[in-house]
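Working notes for the structure below.
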Amino acid sequence: VCSSDLKGASLRFERPQIAKILRSIFPPLEWVPKYEKSWLVSDIVAGLTVSVLLIPQSMAYSFLAGLPPIYGLYTSTVPLIVYALFASSTALNVGPVATTAIVLGSIIKQFASTEEELVALSFTMAFLTGAVMCLMGLFRLGFLVNFMSRPVMAGFTSAAAFIIGASQLKDLAGLKMDNSELCYVNVYRALASLPSINFFTFGISVFCVCILLGAKQIKRIPKWFPVQLLLVAALVAFSYFADLKQYGIQILGPIPAGLPAFSVPNLSQLPALFRSSLILALVSYMGAISLAKIFATKRKQLVDPNQELVALGMSCFMGSFFSGHVISGSFTRTVINHQMGAKTPFANVVTAVFILVALVCLTSLFEFLPKCVLAAMIVSAIKSLVETEEAKFLWQVRRMDFLQMALSFVSTLFFGIQQGLLISVAGSMLLVIYNSVNPPIDQLGRLPNTTIYKNMKRFPQAIVDSTIEVIRMGGDLYFANVGKLATRLREHLHHPHIKAVILDASPLTSIDTTALREVADIFEEYSQQGVSLCFAACSGPVRDAFVRSHLADRLGPR
């Protein structure tokens, strides 16, 4: 074999590997060559339908974050195109959503007071949050989101719904008050400001909320029907011809037309914002990846959690240079995207292009839109965030998970978005540690007329030999929990009738050196009193650890 043959074989081996890596980084390299002409119509229809919903929603959620509504439209352009270049999910629709908006608003209002400062900080948060998510994805750290368990997120979103609703009381009723991050403070201030209520504003708000909630109850109205956009158009026309401004009703005012301009985010406050960016990154990613997995299952497809981290991160990062803030996955728009038959992430590109057209041609139409209409849209959407069914399910199935949800709900509601989420995640981590340090240790008994051993608490009819104790420990055996097992094993030394203790080691997948030394010490104590200590059904890694530590020689064939 000559060297040239070896070189050719090496190249033939490397090229497929390089192509595979490129496809994993840029998923379009996988689906673009397979793109069918029939898919184009489906993607265009889905993208246009979603964009009709996204126009009013993006403005409302930008308003929720304390930013001018135009920045919601900006956020619905470049980030969506970038997401399509990196996404592994074919169904997920991304853009401004309520949860990231309320978290973003709570962060930037701590560091800025004027509108210009809030806008600039929103770009900085998008830059930093995007960078954090990209790094997490590249280093395969998607597993960190597991500390934000489903009960924690359910409690957080439920509390966020109340916080969002309370934050809109000012605009719903035209009250003269300052908003707070805390729900109960906003409710108190709203009640104290009732004498300043504008009944014209309040009447329009009630009308809009009734229309939006009523439309959801009419099953004949399809989900893709643009109720919100039609309502906005009707109120814009009414505001223009009736001159609602003369009645003290606040309107959006002039909205600049044109495409989002390129600008470099202000990076001077990065250190102060780093912790907050981690929180926002987790909230954004959790909302997106949960939806991506749900719809991947529906479509019998696979989604790469770490690739989705990169996709979201790159979307936020690049969007920060084009007047965008942080995005996440939208449940409503993803459902519509799926129902309208979107085949690939190209549907997000279609949506972004339509929003760009709207920015050039339609922004002047929103000048006369009353602000209370956006507040009504926000309030009408928060019902879906309250996880009452999840609370019932957790209470029935596992009370500890219900307590996690309750802790998340109460801490978020009374301490604010950021502090509540930190407390909730800390509580989840403590629960993980507690369960790891306190694994269940059960006594086993033999079922009558069988050789099967079961937990005595669940099978009281099982037979127990008075001279042999059989126990089973759940989880891995390591330095933090070996003490509990050691205590249990040493208790048997005080019972003279016990001649042998057998540990069913089938649940154990690993054992560390601290645990090995503790087992060796207990083995010596047992040997001195003439009691046998046996390990049964050891897994491969546990058996290997026994062999390498020479403990297997001391335990013998038992």
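The values are calculated or read from the model by the stated rules, or taken from the named source; none is laboratory data. This is a predicted model, so every value here is computed, not measured. A quick note on method: Cβ atoms are made from the backbone with ideal geometry, for glycine too, and the neighbour counts reach across all protein chains shown. The accessibility values were calculated without ligands, DNA or RNA, using every heavy atom of the protein model including side chains. Shrake-Rupley method; radii C 1.70, N 1.55, O 1.52, S 1.80 Å.
Data for the structure
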quantity: The one condition in (1) open to solvent by 20 Å² or more (accessible area, probe 1.4 Å); (2) in contact with a strand residue (DSSP E or B) (Cβ under 8 Å, 6 or more places away or on another chain) that Phe241 fails to fulfil; calculated: (2)
quantity: Tally, over region 299-334, of residues that are open to solvent by 10 Å² or more (accessible area, probe 1.4 Å) and under 12 Å from Thr90 (Cα atoms); calculated: 6
quantity: Check on Ser364, assigned to a helix (DSSP H, G or I) and open to solvent by less than 40 Å² (accessible area, probe 1.4 Å); calculated: no
quantity: Residues of region 437-456 satisfying the condition of being of a type outside the set (A, V, I, L, M), surrounded by 11 or more Cβ atoms within 10 Å (Cβ to Cβ) and touching a residue at least 12 places away in the same chain (Cβ under 8 Å); calculated: Asn438, Pro439, Pro440, Asp442, Gln443, Gly445, Arg446, Tyr453, Asn455
quantity: Which numbered condition Ile55 fails, given (1) part of a helix (DSSP H, G or I); (2) farther than 28 Å from Ser364 by Cα; calculated: (2)
quantity: Residues of region 32-55 that turn out to be of a type in the set (A, V, I, L, M, F, W, C) and under 19 Å from Leu312 (Cα atoms), as a count; calculated: 2
quantity: Filter result for Tyr188 (open to solvent by 70 Å² or more (accessible area, probe 1.4 Å), closer than 30 Å to Met125 by Cβ, assigned to a helix (DSSP H, G or I) and free of Cβ contacts under 8 Å to residues at least 24 places away in the same chain); calculated: yes
quantity: Residues (open to solvent by 10 Å² or more (accessible area, probe 1.4 Å) and under 29 Å from Ser180 (Cα atoms)) located in region 71-81; calculated: Tyr71, Tyr74
quantity: Residues that are of a type in the set (A, V, I, L, M) and more than 19 Å from Asp521 (Cβ to Cβ), drawn from region 449-501; calculated: Ile452, Met456, Ala462, Ile463, Val464, Ile468, Val470
quantity: Counted residues, region 379-407 - those being small (Gly, Ala, Ser) and either in contact with a Lys or Arg (Cβ under 7 Å, 6 or more places away or on another chain) or closer than 18 Å to Ala426 by Cβ (or both); calculated: 1
quantity: Failed condition for Pro226, given (1) surrounded by 15 or more Cβ atoms within 10 Å (Cβ to Cβ); (2) within 30 Å of Leu128 (Cβ to Cβ); calculated: (2)
quantity: Single residue of region 244-260 satisfying the filter (small (Gly, Ala, Ser) and open to solvent by 30 Å² or more (accessible area, probe 1.4 Å)) that is farthest from the chain's Cα centre (by Cα); calculated: Gly248
quantity: Positions within region 274-294 being of a type outside the set (S, T, N, Q) and buried (at least 22 other Cβ atoms within 10 Å of the Cβ), in sequence order; calculated: Leu280, Ala281, Leu282, Val283, Tyr285, Met286, Gly287, Ala288, Ile289, Leu291, Ala292
quantity: Where Ile221 falls short, out of the listed (1) in a helix (DSSP H, G or I); (2) open to solvent by 50 Å² or more (accessible area, probe 1.4 Å); (3) among the aliphatic types (A, V, I, L, M); calculated: (1)
quantity: Search result, residues across region 68-79 that are touching a Pro at 6+ places or on another chain (Cβ under 9 Å), of a type outside the set (Phe, Trp, Tyr) and in a helix (DSSP H, G or I); calculated: Ile70, Gly72, Leu73, Thr75, Val78
quantity: Residue that is modelled with the highest pLDDT [pool: residues in region 164-183 that are part of a loop (DSSP other than H, G, I, E, B) and under 10 Å from Leu413 (Cα atoms)]; calculated: Leu182
quantity: Residues (closer than 19 Å to Val350 by Cβ, open to solvent by less than 60 Å² (accessible area, probe 1.4 Å) and either modelled with pLDDT under 85 or in a helix (DSSP H, G or I) (or both)) located in region 1-38; calculated: Pro28, Trp31
quantity: Residue within region 297-316 that is free of Cβ contacts under 8 Å to residues at least 12 places away in the same chain, in a helix (DSSP H, G or I) and not charged (D, E, K, R) present; calculated: yes
quantity: Filter result for Leu359 (buried (at least 19 other Cβ atoms within 10 Å of the Cβ) and over 26 Å from Thr412 (Cβ atoms)); calculated: yes
quantity: Of all residues in region 100-123 being of a type outside the set (A, V, I, L, M, F, W, C) and buried (at least 22 other Cβ atoms within 10 Å of the Cβ), the one that is modelled with the highest pLDDT; calculated: Ser122
quantity: Residues of region 495-511 classified as without any contact (Cβ under 8 Å) to a residue 40 or more places away in the chain and open to solvent by less than 40 Å² (accessible area, probe 1.4 Å), total; calculated: 7
quantity: Whichever residue in region 147-163 is part of a helix (DSSP H, G or I) and among the aliphatic types (A, V, I, L, M) and, among such residues, is nearest to the chain's Cα centre (by Cα); calculated: Met153
quantity: Residue satisfying all of: in region 498-512; polar (S, T, N, Q) and touching a helix residue (DSSP H, G or I) at 6+ places or on another chain (Cβ under 7 Å); nearest to Tyr453 (Cα to Cα) among these; calculated: Thr509
